[in-house]
1. Write out, first by first residue and then by second, each pair whose Cβ atoms fall under 8 Å of each other, whose residues are 6+ apart or on separate chains, and whose first residue, in region 148-162, is at pLDDT 85 or above while the second is of a type in the set (Asp, Glu) and surrounded by 20 or more Cβ atoms within 10 Å (Cβ to Cβ).
2. Do we have Ile152 as in a helix (DSSP H, G or I), closer than 19 Å to Thr37 by Cα and among the aliphatic types (A, V, I, L, M) here?
3. So in region 130-144, with the set limited to residues that are over 20 Å from Thr37 (Cα atoms) and of a type in the set (D, E, K, R), which one is modelled with the lowest pLDDT?
4. I'd like to check which strands (runs of 3 or more DSSP E) are fully inside region 170-256 and have at least 2 residues that are under 30 Å from Lys149 (Cβ atoms) and either at pLDDT 95 or above or β-branched (Val, Ile, Thr) (or both).
5. Of all residues in region 22-51, which are touching a strand residue (DSSP E or B) at 6+ places or on another chain (Cβ under 9 Å) and closer than 30 Å to Glu214 by Cβ?
6. Is it the case that Arg201 is under 18 Å from Lys131 (Cα atoms) and free of Cβ contacts under 8 Å to residues at least 40 places away in the same chain?
7. Give Ala117, Ala112 a once-over and let me know the one that is in contact with a Leu (Cβ under 6 Å, 6 or more places away or on another chain), among the small types (Gly, Ala, Ser), part of a helix (DSSP H, G or I) and closer than 28 Å to Phe57 by Cβ.
8. So how many residues does region 22-39 have that are under 29 Å from Glu84 (Cβ atoms) and in contact with a helix residue (DSSP H, G or I) (Cβ under 8 Å, 6 or more places away or on another chain)?
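The values are calculated or read from the model by the stated rules, or taken from the named source; none is laboratory data. Quick caveat: nothing in here was measured; it's all calculated off a predicted structure. All Cβ positions, glycine included, derive from the backbone under ideal geometry; neighbour counts span all protein chains shown.
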Amino acid sequence: MVRLIINADDLGYAKVNNDAIFELMDDGKITSATLMTNADGFEDAVCRLKNYPSCSFGLHLDIVEFPFMTRGRELIKKKLIDSEGRVLTNIRRRMIIPNGRFLEDIFNEWCAQMDKALAAGVPVSHVDSHKHTHTVRYLKDIFIDFCKKYNINKVRNKNQDYRYSDDRPLYRRYWRDIKRRAWCRDIAEEFTVPDHFEEGRSGLPYLQIHEIKEDMSIEWMCHPGAKKFADDLPRFKSDWESTLKTKIQKISFNDL
């Protein structure tokens with residue numbers, strides 16, 4: 001049996017995102033979401049998520065889009081943010097040579113975001129990040145330290161397995177997995193993680209065509225309400241479960 005976590009990213013991004021995510025939770029279509037504490041819809045999300053005790057709510061770390069809560073001097077010096085905390089560049093797409101002060105400033109920003117979630121009473125179940133920035137290789141050690149500081153033992157691991165995706169040709173899926181293998185192995189040694197990670201839009205076609213007989217856990221990521229992922233809301237509102245060849249049990253990160 002496949003134990004399936006369906007996690008909606010970007011809760012708190014804006015009210016439209018919140019509306020779509022909670023609509024799917026009302027319908028029992030998704031089981032989890034990760035919350036952005038520095039985004040415009042944070043307060044709205046916090047007021048509403050308490051109505052869904054059977055779902056898990058994690059922290060969606062953001063250092064690529066919304067203004068930073070802190071103003072680390074090294075982050076400004078390296079032009080990651082300006083003096084007002086506004087993001088100037090995507091850390092995943094720009095070559096940055098990190099030093100100790102830079103890493104400390106990132107760590108402090110993550111802590112500020114976590115502290116805001118905890119102060120609002122969010123039961124943080126796990127951690128992932130906007131644009132997967134927690135998987136930047138030179139941030140791995142401070143990410144591990146950050147999770148340990150807050151006793152977080154469940155995280156997103158981008159351990160995609162070329163065997164369980166239909167999103168691109170086989171050789172490209174295999175090469176993608178090879179590049180991530182070392183990071184994923186280290187994270188899996190430190191934390192409790194699902195056996196496999198996939199986007200719902202690519203994982204769903206696979207399970208509609210193939211039958212997985214082994215016992216495993218899978219995290220599906222989705223973005224209900226996001227313009228770039230406009231198909232996610234109607235996709236998950238549909239009766240997609242009846243189209244699968246694999247028997248599934250929907251769980252949350254609390255059940256992992």
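1. Val155/Asp128; Arg156/Asp128; Arg156/Glu219
2. In short, no.
3. Arg137
4. 216-222
5. Of everything in region 22-51, those that are touching a strand residue (DSSP E or B) at 6+ places or on another chain (Cβ under 9 Å) and closer than 30 Å to Glu214 by Cβ turn out to be Leu24, Met25, Gly28, Lys29, Ile30, Thr31, Ser32, Ala33, Thr34.
6. Yes, satisfied.
7. On inspection, the qualifying residue turns out to be Ala117.
8. Qualifying residue count, region 22-39: 5.
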